[in-house]
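Right, one structure below, let's go through it.
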């Protein structure tokens, strides 16, 4: 019966990932229905706190985007990239890493991908090098962002054990940053120089791509064809400041529990305001203040790409986490008996399970919420789970994620590509290096600081 139930779960994950959008969430709901009505498993409680936290964060980020805040960040990033074109393989992942940490979603990388592609081509750097590691950095930063859905999900699972947001960030930020840095270093020598790439030379010959040294939007003599560059409003700048202030408050309240209000119940026990409620209050308040100060239409908030992607994540976690929790709880005896000894003797083996699950789910948050409870139930210590947190960044493995596809299309030179055998694509090497190094560094740091 266990294997048949597992087959149902895997089918739901596979079909949901192929459907895209909210497909993962609704297929998770269908799988849950089959497990409950078909096999009699008792459904667990849906992950309401995680969903509400993600919804609040996405609302704040989407409000900033609607106010023009993303344009401010893009403008700053473009200046930094153009001032250091020869170091773009290091600068590009730094920009997408910081963007993702601040916004809590890797989809903000779309806004700077055209800049990375053009600056690298113009300066003669093979665009595949910065484009690939920039995408990987935007994924790794999800597990370093204090407001990402994945970090929020992990915090909600470990808070009962006395671990706070600062504990997670103390390990995940340096671990993922070093992982991206090592991957960027390797990518500086990856592939042929742009001038020697056959596909790029073919495209230059046919006139579909400007040659090296000619800025896109300019003619062969370097004369600018169009220079539309609208100014940024004060409201846009204010929205960025307010959003970053909200992020700082979340980190502060999460790192210093004594700053949160506490109450005594009827039995005389002291209860401190939980981090889920703190995140929800701070992020919703941030969104409200941005709306009041910038006076943008509230209806514009739900039309941006950040809001759409974020709400899809909420639905995905709703279905997948609920189905996963139900399956694991209903089969815990079987699971503990088969893998308990292995993961107890070598906790790092659980990282492979997280990596494989993230490939299936295409979501770090859904992976955390779906599989981390199993690690807790198996008795894995919280420091080990925090160390393995970056392992949930495996969805680069199959090149079907939106940021991966977008990077391929933005690179008009043709150097960023999917290979003939599917898995030999531009993102495989930097992804494996960054994830592996991050997990190794995570284990070292968790032993030193937790």
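The values are calculated or read from the model by the stated rules, or taken from the named source; none is laboratory data. Every value quoted in this text rests on a predicted model; they were computed, and no experiment measured them. Reconstructed Cβ throughout: ideal geometry from the backbone, glycine too, with neighbour counts over all protein chains shown.
Listing for the model above:
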{"read-out": "Residue match in region 39-59 (condition: farther than 28 Å from residue 301 by Cβ, outside any loop (DSSP other than H, G, I, E, B) and in contact with a helix residue (DSSP H, G or I) (Cβ under 8 Å, 6 or more places away or on another chain))", "value": "yes"}
{"read-out": "Cross-chain or 6+ apart pairs with Cβ under 8 Å, region 236-250 first and on the phi > 0 side of the Ramachandran plot, then modelled with pLDDT of 90 or more and surrounded by fewer than 21 Cβ atoms within 10 Å (Cβ to Cβ)", "value": "none"}
{"read-out": "So residue 8, is it crowded, with 24+ Cβ neighbours inside 10 Å, assigned to a helix (DSSP H, G or I) and modelled with pLDDT of 85 or more", "value": "no"}
{"read-out": "All positions within region 153-166 that are part of a helix (DSSP H, G or I) and in contact with a helix residue (DSSP H, G or I) (Cβ under 7 Å, 6 or more places away or on another chain)", "value": "153, 154, 155, 156, 157, 158, 159, 161, 165, 166"}
{"read-out": "Set 394, 431, 375, 442: member being at pLDDT 85 or above and assigned to a loop (DSSP other than H, G, I, E, B)", "value": "394"}
{"read-out": "Enumeration of residues in region 194-213 that are assigned to a helix (DSSP H, G or I), buried (at least 16 other Cβ atoms within 10 Å of the Cβ), in contact (Cβ under 8 Å) with a residue 60 or more places away in the chain and out of contact with any helix residue (DSSP H, G or I) (no Cβ under 7 Å at 6 or more places or on another chain)", "value": "203"}
{"read-out": "Complete set of residues in region 190-235 that are closer than 30 Å to residue 102 by Cα and at pLDDT 90 or above", "value": "190"}
{"read-out": "Set 81, 76, 94: member being farther than 30 Å from residue 325 by Cβ, free of Cβ contacts under 8 Å to residues at least 12 places away in the same chain and not in a loop (DSSP other than H, G, I, E, B)", "value": "76"}
{"read-out": "Single residue of 369, 417 found to be surrounded by fewer than 22 Cβ atoms within 10 Å (Cβ to Cβ) and either in contact (Cβ under 8 Å) with a residue 40 or more places away in the chain or under 15 Å from the mean Cα position of the chain (by Cα) (or both)", "value": "417"}
{"read-out": "Filtered residue count, region 233-274, keeping only those that are surrounded by 12 or more Cβ atoms within 10 Å (Cβ to Cβ) and assigned to a strand (DSSP E or B)", "value": "1"}
{"read-out": "The listed residue being within 22 Å of the chain's Cα centre (by Cα), surrounded by 24 or more Cβ atoms within 10 Å (Cβ to Cβ) and more than 21 Å from residue 392 (Cα to Cα), out of 89, 96, 105", "value": "89"}
{"read-out": "Residue 45 vs. criteria surrounded by fewer than 22 Cβ atoms within 10 Å (Cβ to Cβ) and more than 28 Å from residue 117 (Cβ to Cβ)", "value": "yes"}
{"read-out": "Among the candidates 64, 53, residue that is at pLDDT 85 or above and either crowded, with 24+ Cβ neighbours inside 10 Å or under 20 Å from the mean Cα position of the chain (by Cα) (or both)", "value": "64"}
{"read-out": "Odd one out for residue 280, checked against (1) under 26 Å from residue 158 (Cα atoms); (2) surrounded by fewer than 14 Cβ atoms within 10 Å (Cβ to Cβ); (3) out of contact with any strand residue (DSSP E or B) (no Cβ under 9 Å at 6 or more places or on another chain); (4) at pLDDT 85 or above", "value": "(2)"}
{"read-out": "Conditions (1) surrounded by fewer than 23 Cβ atoms within 10 Å (Cβ to Cβ); (2) modelled with pLDDT under 85; (3) assigned to a helix (DSSP H, G or I); number of the one not met by residue 34", "value": "(2)"}
{"read-out": "Any hit, region 125-136, residues being touching a strand residue (DSSP E or B) at 6+ places or on another chain (Cβ under 9 Å) and farther than 20 Å from residue 354 by Cα", "value": "no"}
{"read-out": "Pairs where the first residue, in region 421-441, is under 8 Å from residue 179 (Cα atoms) and the second is assigned to a loop (DSSP other than H, G, I, E, B), C-beta under 7 Å, 6+ apart", "value": "435/393; 435/394"}
{"read-out": "Residues of region 117-154 satisfying the condition of being under 20 Å from residue 104 (Cα atoms) and surrounded by fewer than 24 Cβ atoms within 10 Å (Cβ to Cβ)", "value": "none"}
{"read-out": "Residue satisfying condition, being closer than 26 Å to residue 258 by Cβ, out of contact with any strand residue (DSSP E or B) (no Cβ under 9 Å at 6 or more places or on another chain) and modelled with pLDDT under 95, within set 98, 94, 81, 154", "value": "154"}
